[in-house]
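What follows is calculated from the coordinates using simple rules that are stated; it is not laboratory data. Just so we're clear, the structure is a prediction, and the values are computed from it rather than from any experiment. Here the Cβ positions follow ideal geometry from the backbone for every residue, glycine too, while neighbour counts run over all protein chains shown.
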Amino acid sequence: MNQFTPIQFSNGKLILLDQRQLPSKEVFIEYDSIEGVYSGIKDMVVRGAPCIGFTAIFGMAIWIKNHPDFKLEQLIKAGSYLNEARPTAVNLGFEIQNVIEEIKRDQLSSDKAYERIVDLGFQKIAKSEEDNRNMAKTAEAELDSRLGQSRYKILTHCNTGFLACGSVGTALGVVQNLHEKGKLENCWVDETRPYLQGSRLTAYELNKLNAPHKIVVEGAASFLMKNKMVDAIFTGADRIAANGDTANKVGTSNLAVLAHYYNIPFCIVAPSSSFDTQIESGEEIQIELRSAEEITKYNGQLIAPSTSEAYNPSFDITDGKLITGIISEKGIASGNYLETLKAIL
């Protein structure tokens, strides 16, 4: 298996790189039912908004294959079930709806529907790579315009590279592009508690790329910014409201507040499929609460008093007013996002 391909589909089976076991092991899991795909998303075998969306497409294809005489109402019900796996990521529902609309529009037979949806999944992944590279170039141009440096020190949060996007990446795609151009001095990698997507996954990817990086705890962000060790911050997004409010991995909002205080550019990099302009603000975004054991245990071992409770929101909302720019494959928006996002979409 190619470790740079976290999602594969072959002979009617979805094959996912188990990201829970990285970086120590590269293990692939096969799925041949929608219930299995649901678990793969819910249990974070696969993660990252774009990859979750691609996984959903192949999950729906599997359901179609397993239900050759399906009716549209049954397909919609299956999509609703799968959408509950991780409700904050807009890509999940977006791609499920794409599948339903594709079949509804052309009234496809079961065999044709299966083939069409599998093709759709591969097309989406290929388009994502092209879009990610374009976003990285836009971000590079924005950096050069604002700062005009020959090399940059970038801070990023969570994981937004090929493991999250299928190829290249959004915010980490920016880092990869700078590295390939010889313009990356260092990438600061937030370890990203409690699931450690930064230290486990982003550092894993940067090692594969031989890109300069250092892992830091989230609490070090203010120290780095105050001491002029960060030139700009790039993160991804799971859902972006019409006013620019952005849901992303918990801890993102902390960085935006600090960046605003220290006058450091803070940018979101996300595909247009992560935009949800049907909602006006972040107040309408449902925040997923995950198991307390992700905080109180590590590798199955209790690391907190057994009688202590834990509260574990998986995402937070960054106020659009704190975001310097939102970069998508369709361009960059800034300022009054109610107007500028509409203009690029």
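Points worth noting:
- Computing Rg and the Kirkwood Rh from the Cα coordinates of the range 7-126 gives a ratio, Rg/Rh, of 0.95.
- Entry for Rg/Rh (Cα atoms, Kirkwood Rh) (calculated from the structure that is shown) out of (1) 0.97; (2) 1.01; (3) 0.94: (1)
- Gyration tensor verdict on the range 154-306 (Cα atoms; rounded if a/c is under 1.5, prolate if a/b is larger than b/c, oblate otherwise): rounded
- Modelled label reach - His260, point 7 Å along Cα→Cβ, the range 318-344 residues with backbone N closer than 20 Å: 318-327, 333-341
- A Förster radius of 22 Å, combined with the Cβ-Cβ distance separating Gln149 from Ala220, puts the computed FRET efficiency at roughly 0.50.
- Beta bridges by DSSP in the chain, antiparallel share as percent, to the nearest 5: 50 percent
- Within straight-line cross-link reach of Lys153, aspartates and glutamates at Cα separation under 14 Å, skipping those fewer than 8 residues along the same chain: Glu140, Asp144, Glu185, Asp190, Asp231
- Over the chain, DSSP H runs of length four or greater, each weighted -39,500 (n - 2.57), average out per residue to a 222 nm ellipticity of -12500 deg cm²/dmol.
- Relative contact order of the range 132-344, pairs being alpha-carbon contacts under 8 Å that are 6 or more residues apart, as %: 21 percent
- The range 150-183: trypsin sites (Lys or Arg not before Pro) in DSSP loop, at most 14 other beta carbons within 10 Å: Arg151, Lys181
- Amide H contacts of Val216: Val189, Asp190, Glu191, each under 5 Å away and 5 or more positions distant or on a separate chain (H built 1.01 Å from N in the peptide plane; Pro and chain starts excluded).
- With the simple spin-label model, which puts each label point 7 Å out from Cα in the Cβ direction, the Ser39 to Lys228 separation comes to 5.5 nm.
- Cross-link reach is defined here as a Cα-Cα straight distance under 27 Å, omitting same-chain residues fewer than 8 places apart; for Lys342 the lysines meeting it are Lys124, Lys127, Lys137, Lys249, Lys321, Lys330.
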